[in-house]
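The values are calculated or read from the model by the stated rules, or taken from the named source; none is laboratory data. The structure presented is a predicted model; accordingly, all values stated were derived computationally and were not measured. Glycine also receives a Cβ, built like all others from the backbone with ideal geometry; neighbour counts cover every protein chain displayed. Areas reflect the complete protein model, heavy atoms only, side chains present, ligands, DNA and RNA absent. Shrake-Rupley method; radii C 1.70, N 1.55, O 1.52, S 1.80 Å.
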Amino acid sequence: MKQIIKIVLAVGLGVLVLPSCKRSLLNVENPNTITAEQFWKTEEDAEKGLTATYSMFYKPGVWSRWIYFRLDLTSDEGFSKSPWIELADWTRFQYINYNFWEGNAWTWRDTYKAIFRANQVLAYVPEIPFADNNKKELILAQAKFLRALYYYYAAILWENVPIVLDPSKPDDLPQQRPLAEVWAQVEKDLTEALAVLPVEWDDANVGRPTKGAANAYLARTLMQQRKWQEAKTALDYFFTGAGSGKYNLVANYEDNFRHTSENNVESVFEIQFSDANKGPDNDDPNQNMGSHRAQFFAPRGIGWSDGQARFWLVNEFKKEKTVDNTIDPRLRYTLFYPGLEADFGDKVYGRNWEWNADEAWFRKYQRDYFRTNEDYFSQNNFRFVRFADILLMYAEVLNELDQTAAAAQYVDRVRERVKIASLATNHPGALASKDAFRERLKMERVLELCGESVRWADLKRWGDLETQAGVDKVKQRDPDFNNFVVGKHIRLPIPQTEDLNNPNLEQNDKY
């Protein structure tokens, strides 16, 4: 898949051209620019259009940089002490300029740019003749999956957003839709993609979405709506369906976060990052295909250190020992913290600890295992979904369906990998009721998945941000939640330029 992305040409990325308006001095057509009508003719054009949609993973508004600030740092796992005050404010619910590019507007822009590219594929590819119609259907299924993926995160971040299903035109004023309709569209796209996507791809196409990826995101979508039975049906794929036996936990936890062990048996879906190109972030044949996350999340003096981890996480990891009476090994590969060398013998990018005694940073997806600095071109794939997450999701839906006893085994599989005793042994009270199990699961998920961009959705799904009492509990771990206003900060504001330019948009509540 990384090789496929490399072949994107400027013409493939340049299919954003919209129909021209009446010719005027201010509207001169560029004779060197290909139009949509000229482009969508061949199977190769269809592949290029799809590849242009995949290439949106590499844009700074989304998965190369800024979305981690929204999903990781805004949650109770992380925060920012960046000297760039406005950037830090956007991780602590102090939203003043709704058009702040790095906090809001770029993510909105790149989300809808990705949706636009997927819409082009879905609008134009059906009319292209293919020698093998199955190939066409696979292209369309991937475009539906990618569109669903971006609408899923739009729903997580802004909630009430326009649903655009056709290639956009300059004078479009799309209607804002309520959250329930956005979820319904995500479900529709994923269900239709699921019917076509394969169980697995051949080696040359590793990294494309599979039935497992579609089921995982369908389950996530349903869980956010608390549709527990439907979510269980989607997750059954991994345990009693065609995906049974295909996925497993890797023996070494750290292999989930290193470029030397990508696309392994635990991976359900991941972004194929690469350091092959060292170009800019724009649409260019040499565009950057790497992740910026490592540069922005590395400790001071190594990277920009705009994102840090909350220290309560270190303490949580140390509450429970393994059956060998050692520290939970996940701590070693999840965080940089003052006791890392004393606990595990690891330095920080080859350095002794030189930071404050109460500071911590995310270690996942950093590259200290083979270098002493960071840059904007990390080749380390981002794992959207791991099988460990699937196990914990399945435990959650079973518990919500009043099957707490059956749910425990799936949590225990995750614990067993790192040699931690079963829930029945170490937390028997967690099995006493649905509510007790849910509370324990909140910690199980953070210990396994900390820094993997799922915590914000978790807090929303659990209802922890819907009442002042719930927020009060969260702010005991993260003082930034002292700024959190119930009914307001559960969602981001819509960028003000979008709100002002489109009369069919209404700013989110209380903004």
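At a probe radius of 1.4 angstrom, the accessible area of segment 97-179 per residue rounds to 37 square angstrom.
Residues Asp132, Asp171, ordered by accessible area of protein heavy atoms at a 1.4 angstrom probe radius and largest first, appear as Asp171, Asp132.
In the full protein context, segment 202-357 carries 38 Å² of accessible surface per residue, based on a 1.4 Å probe and ignoring ligands, DNA and RNA. Ordered by 1.4 Å accessible area with all protein chains kept, Val323, Val454 run largest first as Val323, Val454. The charge dipole of the chain, taken about its Cα centre with unit charges on the Cβ atoms of Lys, Arg (+1), Asp and Glu (-1) only, comes to about 400 debye. Of all lysines in the structure, those lying under 16 Å Cα to Cα from Lys169, and not within fewer than 8 positions of it along the same chain, are Lys22, Lys113. The mean sequence distance of close C-alpha pairs (under 8 Å, at least 6 residues apart), as a share of the length of segment 325-395, puts its relative contact order at 27 percent. Under unit Cβ charges (Lys, Arg +1; Asp, Glu -1), what dipole magnitude, rounded to 20 debye, does segment 105-171 have relative to its Cα centre? With only Lys, Arg, Asp and Glu charged at Cβ, the dipole is about 140 debye. Within the straight-line cut-off of under 16 Å between alpha carbons, the lysines reachable from Lys246 are Lys211, sequence neighbours fewer than 8 places apart in one chain being disregarded. Couplings 3J(HN,Hα) of segment 483-493, computed from phi: 8, 6, 9, 4, x, 10, 7, 5, 9, 7, x Hz, in residue order, whole Hz [Karplus 6.51 cos²θ - 1.76 cosθ + 1.60, θ = phi - 60°; x for Gly and Pro].
Ranked from largest to smallest solvent-accessible area, with a 1.4 Å probe on the protein heavy atoms, His427, His292 come out as His427, His292. Among the listed values [x] 21.5; [y] 23.9; [z] 32.0, the one computed from these coordinates for mean projected area of the Cα convex hull in nm² is [y].
In this structure segment 365-511 gives 36 Å² per residue of accessible area when probed at 1.4 Å with all protein chains present. Under 5 Å from the amide H of Val268 lie the amide H atoms of Val385, Arg386, Phe387, each residue being 5 or more positions distant or on a separate chain, with H modelled from the backbone and absent for Pro and chain starts.
Measuring against 18 Å, Cα to Cα, the residue pairs Lys188/Lys227; Lys321/Lys364; Lys364/Lys473 contain Lys321/Lys364; Lys364/Lys473 as the ones spanning a longer distance. Taking amide H as placed 1.01 Å from N in the peptide plane, the amide H of Arg177 sits under 5 Å from that of Val161, Ile163, each at least 5 places away or on another chain. A crude spin-label estimate for the pair Asp324 and Lys278, with each label 7 Å from Cα along the Cβ direction, gives 4.0 nm.
A full extension of the chain between Ala405 and Lys510 corresponds to an added length of 33.6 nm, given 0.36 nm per residue minus the alpha carbon distance. Across segment 282-297, computed HN-Hα scalar couplings (Karplus, 6.51 cos²θ - 1.76 cosθ + 1.60, θ = phi - 60°) run 7, 7, 9, x, 9, 4, 4, 10, x, 9, 8, 3, 4, 5, 7, 9 Hz from first to last residue, x flagging Gly and Pro. Within the assembled protein chains, the solvent-accessible surface assigned to Thr425 is about 90 Å², based on a 1.4 Å probe. Centre-to-centre, using Cα atoms only, segment 458-511 and segment 340-378 are separated by 33 Å. Note on the chain: with neighbouring protein chains present and a 1.4 Å probe, carbon and sulfur make up 50 percent of its accessible heavy-atom surface. Put a plus charge on the Cβ of each Lys and Arg, a minus charge on the Cβ of each Asp and Glu, and nothing anywhere else: the dipole of segment 151-270 about its Cα centre is then about 380 debye. For the chain, the relative contact order is 18 percent, taking Cα pairs closer than 8 Å that sit 6 or more residues apart in sequence and dividing their mean separation by the residue count. Near Gly212: Cβ cut-off under 9 Å, other residues only, Lys/Arg at +1 and Asp/Glu at -1. The net charge is +1. Simple rule: put +1 on each Lys or Arg Cβ and -1 on each Asp or Glu Cβ in the chain, find the dipole, and look at His259, Leu50, Asn282; the Cα lying farthest toward the positive end is His259.
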